[in-house]
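The values are calculated or read from the model by the stated rules, or taken from the named source; none is laboratory data. Every value quoted in this text rests on a predicted model; they were computed, and no experiment measured them. Note that we place each Cβ from the backbone using ideal geometry, even for glycine, and neighbour counts take in every protein chain shown.
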Amino acid sequence: LHALEDYSVSAAGGFTQPIDPDLVPSVTNYLSIFGAVGMTAYFGFLEVCEPKEGETVLVSGAAGAVGSLVGQLAKIVGCRVIGIAGGPEKCAKLTEKYGYDAAIDYRGKDEAALTAAIAEAAPNGVDVIFENVGGIILDAGLMNLNLYARVGLCGLISEYNTEPRGIRNLWQLIVKRAQIRGLLVSDYVERFGEGAAKMGQWAAAGKLNIEEHIDEGLENTFESFMRLFAGTNQGKMILKII
């Protein structure tokens, strides 16, 4: 979390890069599709998860800033995509706006119900999981893995303010000869230009929908931050302070 301030002095390089506001519809796009969010989706999904055309992809936190982009990238490379999100409004947005093939509402479901819902949406199993949530959602996904599946571990937001429960179905990685790999976007900083160029091409071609949730006013800092944990934001959460 960076400081909320009018001006900053930073060393050039790494995450700090000059921007050209004339190249994008809104300068805030540099905080979403062309920033860490977009690069996490691009490199985390395409390089860590190594999706193949025709495979089935499961995305948790699918209506969030990263998850919504991952689902769209999966469609671009020819995958079938299932998203998990909270509430009927977000689930409808997955299929109607982001192109997901199916959406699962996790609210009100225990691990067994989630496992069954994933099996119904993916009767032939899951080849790739892009995980943003963890907890029972990850365990339910693991119970639906295909042989040699890949799990990209981007986040565990369900466990950030609780005692970690651990992965209870870890044995599925053995049975299915699957692999799980953590990812940090900072590993790809030197390649951000490459990722931004591709994301820009797809966005210009109408293949990517970009959504940003912008709150205004420094006084709304706490409320805006807590939206991330309550799941009430739509897309990238941005606080405009000036």
Restricting attention to strands (runs of 3 or more DSSP E) lying wholly within the stretch 144-242, give those where 1 or more residues are polar (S, T, N, Q). 145-153, 179-182
Qualifying residue in the stretch 221-229 (condition: under 15 Å from the mean Cα position of the chain (by Cα) and surrounded by fewer than 17 Cβ atoms within 10 Å (Cβ to Cβ)): yes
In the stretch 107-124, which residue that is surrounded by fewer than 16 Cβ atoms within 10 Å (Cβ to Cβ) and part of a loop (DSSP other than H, G, I, E, B) is nearest to the chain's Cα centre (by Cα)? R107
Qualifying residues in the stretch 178-188 (those that are under 18 Å from the mean Cα position of the chain (by Cα) and of a type outside the set (S, T, N, Q)) - the one nearest to R150 (Cα to Cα): I180
Within the stretch 76-105, track down each residue that is part of a loop (DSSP other than H, G, I, E, B) and either among the small types (G, A, S) or in contact with a Pro (Cβ under 6 Å, 6 or more places away or on another chain) (or both). V77, G78, C79, G86, G87, G99
What pairs can you find where one residue is in the stretch 44-63 and closer than 15 Å to G195 by Cα, the other is aromatic (F, W, Y) and assigned to a strand (DSSP E or B), and their Cβ atoms are less than 6 Å apart, with a gap of 6+ or different chains? F45/F130
Could you give me the residue pairs with C-beta distances under 7 Å whose first residue belongs to the stretch 168-195 and is closer than 18 Å to C49 by Cα, whose second residue is surrounded by 12 or more Cβ atoms within 10 Å (Cβ to Cβ) and among the charged types (D, E, K, R) wherever it lies, and which are 6+ apart or on separate chains? A178/R150; Q179/R150
Residue check for I157: surrounded by 22 or more Cβ atoms within 10 Å (Cβ to Cβ), touching a residue at least 40 places away in the same chain (Cβ under 8 Å) and in contact with a helix residue (DSSP H, G or I) (Cβ under 9 Å, 6 or more places away or on another chain): no
Residues of the stretch 76-106 being buried (at least 18 other Cβ atoms within 10 Å of the Cβ), among the β-branched types (V, I, T) and out of contact with any Phe, Trp or Tyr (no Cβ under 8 Å at 6 or more places or on another chain), in sequence order, are I104
Does A62 fit the bill of being at pLDDT 95 or above, in contact with a Leu (Cβ under 6 Å, 6 or more places away or on another chain) and aliphatic (A, V, I, L, M)? yes
For the stretch 61-83: of the residues being small (G, A, S) and more than 11 Å from the chain's Cα centre (by Cα), which is nearest to M226 (Cα to Cα)? A74
Report the residue count in the stretch 40-75 for those that are out of contact with any Pro (no Cβ under 7 Å at 6 or more places or on another chain), crowded, with 24+ Cβ neighbours inside 10 Å, part of a helix (DSSP H, G or I) and aliphatic (A, V, I, L, M). 6
I'd like to know if the stretch 176-198 contains one or more residues that are closer than 29 Å to P123 by Cα and modelled with pLDDT under 90. no
Output the number of the condition that T162 fails; it satisfies all remaining conditions of (1) more than 21 Å from V37 (Cα to Cα); (2) hydroxyl-bearing (S, T, Y); (3) at pLDDT below 95; (4) in contact with a helix residue (DSSP H, G or I) (Cβ under 6 Å, 6 or more places away or on another chain). (4)
